[in-house]
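Report on one structure; see the data block that follows.
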Amino acid sequence: PVRQCAALDELCNAILSGSAYLGNDSGPTHLAAMLGRRVVAMFGPTSDAVAWAPVGPCVTILPFETTTDGVIDQIIGA
């Protein structure tokens, strides 16, 4: 489900309630990585994934061109 959070504590709780986080190169994606979630981050052609990758114990960077199956494989850990 898509969830809109009005406050930072709501966002943290939403991130922590899941087993994985899929997001773009954004603040919530970096927060999820620092909270220790499995993160799959999608970086477009104008984002430098080497310089700006989220920092955390389980982060995977994928280009936006990745197929849906490729994204799902990374989220479930296949």
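I'd like the full set of residues that are part of a loop (DSSP other than H, G, I, E, B) and under 15 Å from residue 71 (Cβ atoms), limited to the stretch 26-57. Result: 44, single match. Is the stretch 39-54 home to any residue that is surrounded by fewer than 18 Cβ atoms within 10 Å (Cβ to Cβ), within 23 Å of residue 77 (Cβ to Cβ), touching a residue at least 40 places away in the same chain (Cβ under 8 Å) and hydrophobic (A, V, I, L, M, F, W, C)? Scanning the stretch 39-54, I find no residue that is surrounded by fewer than 18 Cβ atoms within 10 Å (Cβ to Cβ), within 23 Å of residue 77 (Cβ to Cβ), touching a residue at least 40 places away in the same chain (Cβ under 8 Å) and hydrophobic (A, V, I, L, M, F, W, C), so the answer is no.
Residue-by-condition table, conditions (1) free of Cβ contacts under 8 Å to residues at least 40 places away in the same chain; (2) open to solvent by 40 Å² or more (accessible area, probe 1.4 Å); (3) closer than 17 Å to residue 74 by Cα; (4) touching a Ser or Thr at 6+ places or on another chain (Cβ under 7 Å):
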residue	(1), (2), (3), (4)
3	yes, yes, no, no
6	yes, yes, no, no
10	yes, yes, no, no
15	yes, no, no, no
19	yes, yes, yes, no
23	yes, no, yes, yes
59	yes, yes, yes, no
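The values are calculated or read from the model by the stated rules, or taken from the named source; none is laboratory data. Since we're looking at a predicted model, the values are computed, not measured. Every residue, glycine as well, gets a Cβ built from its backbone with ideal geometry; the counts of neighbours run over all protein chains shown. For accessibility, only protein heavy atoms count, side chains too; no ligands or nucleic acids. Shrake-Rupley method; radii C 1.70, N 1.55, O 1.52, S 1.80 Å.
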